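The values are calculated or read from the model by the stated rules, or taken from the named source; none is laboratory data. What you see is a predicted model; the values in this text were computed from it and never measured. Cβ sites come from the backbone with ideal geometry, for glycine too, and all protein chains shown count toward neighbours.
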Amino acid sequence: MDSVLECLPRGSRIAILRLRSLGDCVLTTPALDILKRFRPDLHIAIFVENRFREIFEGNPDLVEIHPPELAALRRFRPQLCLNFHGGTRSAWMTELSGARYRAGFAHYRQQFIYNVQIPRAQEILRVDRTVHTAEHLASAMFFLGAPVGEIPRAKLFPATSAAPAIEPASAIIHAIAATPGKTWTAANFLAVAAYLAQCGLSPVFIGAPGEDLTPFRQYRTLQSSLSDVKSLLAAAALFVGNDSGPAHMAAAFGVPSVVIFGPSDPAIWGPWRTTGVVVAADGGIAHVTVAQVLGALQRLRVPA
């Protein structure tokens, strides 16, 4: 029996509903790469919140980027609508998309919406272990018909416009996170920055516009758009930060990374396809020590 991708005529339109969040958006790009390499004739569009649009800008696997609005989806006229979000909003958008094939994972609610139900990644990949988010998303492409193979690194493309210049030996530090349970203390990050400066690296603390970087003002701080963060990370020598979206962006550029984890599972959310060390502790992120992070940096061959 032919797969969904084998049944699609040449030039078919594929709508990917991603919506959010930053890390999920970055880790969607390996799946897009797999799909486009298997069917380069397809016209693929991503539907994503505007605050994450810049993650996909410049990506040659996409022909269009749209906000997650039903009117835009229906105007696109997809033959296949693939829901990578799974929430209520994306479910009814999938249902009303007009697509012949409406695909979503079998663990989603409202299964009556999907005439293509994608099983667990473990079943598709034939593994009996926890799978990384990049593997989970890529497995959908294998189920739809792309040959099962190696899942590539995430793909980000820096903007061609000028971004804040950094020194070649810059260590990008992201000390911000969405919740206190995922946030290592400012004092600990400052201790790591001092160590990196002694090693000859230039610490640069980054954050989004509106985030408070005043605790780190003794070093260079940049509050930048995602486009600028892409350019900064593409030129960085090292990344150190909390488990958050910029850590996945750093991994997409192959930047050696130390990522400090709280409650999330590193097997699911750790650095993908880059030289990286995950640091965690029993009891949560508050129990991660500076010595642990310095040890991780030494394992990455950052000199003492």
Count of segment 1-19 residues which are over 14 Å from Gly98 (Cβ atoms) and either surrounded by 10 or more Cβ atoms within 10 Å (Cβ to Cβ) or in contact with a Leu (Cβ under 7 Å, 6 or more places away or on another chain) (or both): 10
Residue, farthest from Ala252 (Cα to Cα), within segment 36-48, restricted to residues that are surrounded by fewer than 24 Cβ atoms within 10 Å (Cβ to Cβ) and either among the hydrophobic types (A, V, I, L, M, F, W, C) or under 14 Å from the mean Cα position of the chain (by Cα) (or both): Leu42
Residues within segment 216-232 that are in a strand (DSSP E or B) and among the β-branched types (Val, Ile, Thr), tallied: 1
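So that you can scan it fast, the table gives a plain yes or no per residue for (1) in the same structural domain as Ile16 (by TED's automatic domain parsing); (2) among the basic types (Lys, Arg); (3) touching a strand residue (DSSP E or B) at 6+ places or on another chain (Cβ under 9 Å); (4) surrounded by 22 or more Cβ atoms within 10 Å (Cβ to Cβ):
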| site | (1), (2), (3), (4) |
| --- | --- |
| Gln79 | yes, no, yes, no |
| Leu82 | yes, no, yes, yes |
| Gly98 | yes, no, yes, no |
| Gln111 | yes, no, yes, no |
| Val127 | yes, no, no, no |
| Glu135 | yes, no, no, yes |
| Glu150 | no, no, no, no |
| Ala154 | no, no, no, yes |
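Can you pull out every residue in segment 114-125 that is surrounded by 21 or more Cβ atoms within 10 Å (Cβ to Cβ) and either under 21 Å from Ser12 (Cα atoms) or in contact (Cβ under 8 Å) with a residue 40 or more places away in the chain (or both)?
Hits for segment 114-125 are Tyr114, Ile118.
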Residue match in segment 64-72 (condition: touching a His at 6+ places or on another chain (Cβ under 6 Å), over 18 Å from Arg39 (Cβ atoms) and modelled with pLDDT of 95 or more): yes
Residues satisfying the stated conditions in segment 54-68, i.e. surrounded by 15 or more Cβ atoms within 10 Å (Cβ to Cβ) and within 14 Å of Leu156 (Cα to Cα): Glu54, Ile55, Phe56, Glu57, Gly58, Asn59, Asp61, Leu62
